[in-house]
Amino acid sequence: MSRIAATFERLQAQSRKALIPYVTAGYPYADITPALMHVLVEAGADVIELGVPFSDPSADGPTIQAAGEQALRQGIGLPTVLKQVSQFRQTNNDTPVVLMGYANPIERYDALRHAGAFAEDAAKAGVDGVLVVDYPPQASETLAAQLRQHSIDLIFLLAPTSTEARIQQVAERASGYVYGVSMKGVTGAKTLDTTLVQQMLSRLRRHVHIPIGIGFGIRDASTARTIAQTADAVVIGSWLIESLANKPAAEALAVASDMIRDIRHQLDLDMPEPVRSTKQPSLRT
């Protein structure tokens, strides 16, 4: 069983929901990523989405665009991202790591090496899932086959505008979980209608029978809690990235820890009492 499947199975048995923070690799500092990943896990994250910096991130709003541009200026590309996952795996072999990004870096990685090199090296580094924003289901067969050879899940986005045909295509191909986009537009938007999200989830569940996480536009712990009442997971991205800006490394780690700890607490308020933990994880810097 994959780490992603095992994580969702464990959470379901506990009547809990997954908390999935997104961070851009190499932001706000080139070498902070492994420590930041550990801090997020210790604060209550269940899965880490690690953004691969790219120059033309079509689905991302200004916050994640700026984070990616800064990471690129610091020399962070896909090879470095895989090295950072390997560093994280030296002391954490349990938490799933999902790479989220775009097709160009993956295709270039293989072009400079050999077909399937990305899937091979991602597996060696300890990657559990890959979400390629600009690979629709019908264009992803080659990558999907390469990833399957190494037991890596291919995760897809579905949006409120997705047609029934697209939803069915994703349902047939996706593994791990499906990422439900909460609204029309890009990441970081500040208007989220939770009623519409619930309606979208009901529509998706007619076809999708693996966990569904919701991201884009979740900017406070209360909204995360509301979304988690019907979704299997909540994804926190732009809000977290914004909190890291212009801070020394130690302060950025502490702020990230506090944010995720607060969201974890809110998510668990609706869970059965025995599940709630009063133990405060230690902060690793």
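Annotation note: of Thr7, Thr63, the sole residue that is hydroxyl-bearing (Ser, Thr, Tyr), at pLDDT below 95, outside any loop (DSSP other than H, G, I, E, B) and out of contact with any Leu (no Cβ under 6 Å at 6 or more places or on another chain) is Thr63. Taken over region 232-261, residues that are over 17 Å from Gln65 (Cβ atoms) and of a type in the set (Ser, Thr, Tyr) amount to 1.
When Ala117, Ala145, Ala171 are checked against the criterion of being exposed (fewer than 13 other Cβ atoms within 10 Å of the Cβ), over 19 Å from Pro96 (Cβ atoms) and modelled with pLDDT of 95 or more, a single residue qualifies: Ala145. The condition of being surrounded by fewer than 24 Cβ atoms within 10 Å (Cβ to Cβ), at pLDDT 95 or above and more than 24 Å from Leu157 (Cβ to Cβ) holds for only one of Asp94, Asp110, that being Asp94.
Flag set for Gly116, criterion: of a type outside the set (Lys, Arg), touching a helix residue (DSSP H, G or I) at 6+ places or on another chain (Cβ under 6 Å) and without any contact (Cβ under 8 Å) to a residue 40 or more places away in the chain. Here Ile155 passes the criteria (1) at pLDDT below 95; (2) within 16 Å of Glu49 (Cβ to Cβ); (3) of a type in the set (A, V, I, L, M) except the one numbered (1). In region 190-223, the qualifying residues are those that are in a loop (DSSP other than H, G, I, E, B), at pLDDT below 95 and buried (at least 16 other Cβ atoms within 10 Å of the Cβ), and the one that is nearest to the chain's Cα centre (by Cα) is Phe216. Close Cβ contacts (under 7 Å, 6 or more residues apart or on different chains) running from residues in region 120-134 that are under 13 Å from Pro79 (Cβ atoms) to residues that are of a type in the set (Ser, Thr, Tyr) and part of a helix (DSSP H, G or I) comprise Ala125/Ser86.
The values are calculated or read from the model by the stated rules, or taken from the named source; none is laboratory data. Keep in mind it's a predicted model, so treat the numbers as computed, not measured. Counting neighbours? That spans all protein chains shown, and the Cβs are built from the backbone with ideal geometry, glycine included.
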